[in-house]
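A.B. asks: Take this structure, written in structure tokens, and hold onto it; I'll ask about it next.
The values are calculated or read from the model by the stated rules, or taken from the named source; none is laboratory data. Nothing here was measured: the structure is a model prediction, and the numbers come from that model. Note that each Cβ is placed from the backbone with ideal geometry, even for glycine, and that neighbours are counted across all protein chains shown.
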Amino acid sequence: MSQERTTDELSRRGVLKGTAAAGTAAVAGSTPGYLEQLDEPRPAIQNDVEGRTFILEGIVSGWIGLEPDEIDGATGPPLRLVEGVENTVVWINGDGANHNFMIEDEDGDILEATEFTDEAGEFEELTFTAEPEMEEYYCDPHPAQMRGPVELIDPEETHELEVLVEDEDGDPFEAEVYLDDRHTFSNIASRPGPDEDIGIARFDLLEDGEYSLEVWTYGHERVTEEVTIDGDDEELTVAMSQLETEDPVETFELVLEEDAWRGVEPEEIADETNPTLELEADETYAVEWENAIGRRLDEGEMEPGEQLPGHNFVVAEGDDSDEWNTHVRSPFLDEDGESQTVEFVAKEEMSVYLDQSQLEAVGEITVSGDGS
Ligand SMILES: [Cu+2]
């Protein structure tokens, strides 16, 4: 796997989320002007029952979900609209091909439509009342690939789940929280959103039923639980316990520069750009890295809707699969000269390390041995 290919196939949001469809085009260089037209800050979960706002990116191969979290990174995601009230769809032209956004009923009659745009980075906004006859949304020039279902929700029959995540001392804790295929975070430090509710993850508009909850973060035990929603809002607390780690067999020193990692130690990787890290399965390694570029968050360089609070060290798998799974994701560093040590156990599935805020900064990982 070449590094070029790695970068092309990587979706920054996909890494943020853990998995995503390959080939998601970033809207590099576009002005996120649509953000000014939306109420900021946008919640990760929208629970006002006043209707919802969805953000999609349109590329010829399909519609990619950006917001809210429940559609983040998904191709042709279901739009779960609140029935009888105004919902909003904002879509961004991701590839410069000619697109529009339309909603049709089951007979193929068009109920709503936006203008066409053929310029990458341009956006259209559509506000409409969600009606039961709405069946599917699609793009007129690309109706086969760029299509997805519309689902209507009765706001009277849905509920909210609030998950409080704590560390071993009972303090609010940052973790990834999955509910079936929905995904969010319990802390502002790891996602864009309002500066509140630290340690709390929310899922809204849940119909009665059984859901599986999964809470995880790097270095901690994965917690799974079955959750039943039955006519009421639910609240539960999850405590994260730390995994015991062995002493590292080797420490790699890296410096994060603009668009690249530079090797420092050991000698074999000194001064190399994006050096390959050679690991053995099931051994513990440490990566000591220094942030040499501060925060470097230039507006307009980021994918729309995305404002990562600095740089971090991520280990992911990918290769021929179209899914990216994150094994390690460290907290963000936003100051020039700051450093961090990340310890992890090597797994054979690991294939790249990267900075979530600069996908050009990506190097390969090779893992040998089956560890048995
Ligand atoms: Cu299209």
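A.B. asks: Quick check: is even one residue across the stretch 205-218 at pLDDT below 85, over 30 Å from residue 338 (Cα atoms) and either surrounded by 17 or more Cβ atoms within 10 Å (Cβ to Cβ) or not assigned by TED's automatic domain parsing to the domain that holds residue 361 (or both)?
C.D. replies: Step one: of the stretch 205-218, the residues at pLDDT below 85 are 205, 216-218.
Still in the running and over 30 Å from residue 338 (Cα atoms): 205.
From what is left, the residues that are either surrounded by 17 or more Cβ atoms within 10 Å (Cβ to Cβ) or not assigned by TED's automatic domain parsing to the domain that holds residue 361 (or both) are 205.
Checked against the condition, which is being at pLDDT below 85, over 30 Å from residue 338 (Cα atoms) and either surrounded by 17 or more Cβ atoms within 10 Å (Cβ to Cβ) or not assigned by TED's automatic domain parsing to the domain that holds residue 361 (or both), the stretch 205-218 yields at least one hit.
A.B. asks: Take the residues of the stretch 94-121 that are buried (at least 17 other Cβ atoms within 10 Å of the Cβ) and touching a residue at least 60 places away in the same chain (Cβ under 8 Å): which is nearest to the chain's Cα centre (by Cα)?
C.D. replies: The selected residue is 94.
A.B. asks: Could you please find all residues in the stretch 122-152 being within 15 Å of the ligand (Cβ to nearest atom) and of a type in the set (Gly, Ala, Ser)?
C.D. replies: Passing the criteria: 144, 148.
A.B. asks: Which residue pairs have Cβ atoms under 7 Å apart, sit 6 or more places apart or on different chains, and have a first residue in the stretch 262-286 that is at positive phi and a second that is charged (D, E, K, R) and surrounded by 15 or more Cβ atoms within 10 Å (Cβ to Cβ)?
C.D. replies: That search, which allows pairs on different chains as well, returns 271/262.
A.B. asks: Search the stretch 179-203 for residues being part of a strand (DSSP E or B) and at pLDDT below 80, and hand back the single one that is farthest from residue 310 (Cα to Cα). Reasoning before the result, please.
C.D. replies: Within the stretch 179-203, the first condition is being part of a strand (DSSP E or B), and the residues that meet it are 179, 182-185, 200-203.
Imposing the further condition that a residue be at pLDDT below 80 reduces the set to 182-185.
Numbers: 182: 25, 183: 21, 184: 19, 185: 17 Å.
Looking at residues that are part of a strand (DSSP E or B) and at pLDDT below 80, I get 182.
A.B. asks: Turning to a different aspect of this structure: All but one of (1) more than 13 Å from residue 123 (Cβ to Cβ); (2) assigned to a strand (DSSP E or B); (3) away from the ligand (no atom under 16 Å from the Cβ); (4) not acidic (Asp, Glu) hold for residue 63; which doesn't?
C.D. replies: Result: residue 63 fails condition (3) only.
A.B. asks: Could you check the stretch 222-260 and list, in sequence order, the residues that are under 24 Å from residue 344 (Cβ atoms) and touching a His at 6+ places or on another chain (Cβ under 9 Å)? I'd like the intermediate steps shown before the answer.
C.D. replies: Looking only at the stretch 222-260, we keep the residues that are under 24 Å from residue 344 (Cβ atoms), and these are 222-224, 238-257, 259-260.
Of everything in the stretch 222-260, those that are under 24 Å from residue 344 (Cβ atoms) and touching a His at 6+ places or on another chain (Cβ under 9 Å) turn out to be 240, 241, 242, 243, 256.
A.B. asks: Checking residue 61 against (1) under 26 Å from residue 201 (Cβ atoms); (2) modelled with pLDDT under 90; (3) among the polar types (S, T, N, Q): exactly one of these is not met. Which one?
C.D. replies: Every listed condition holds for residue 61 apart from (1).
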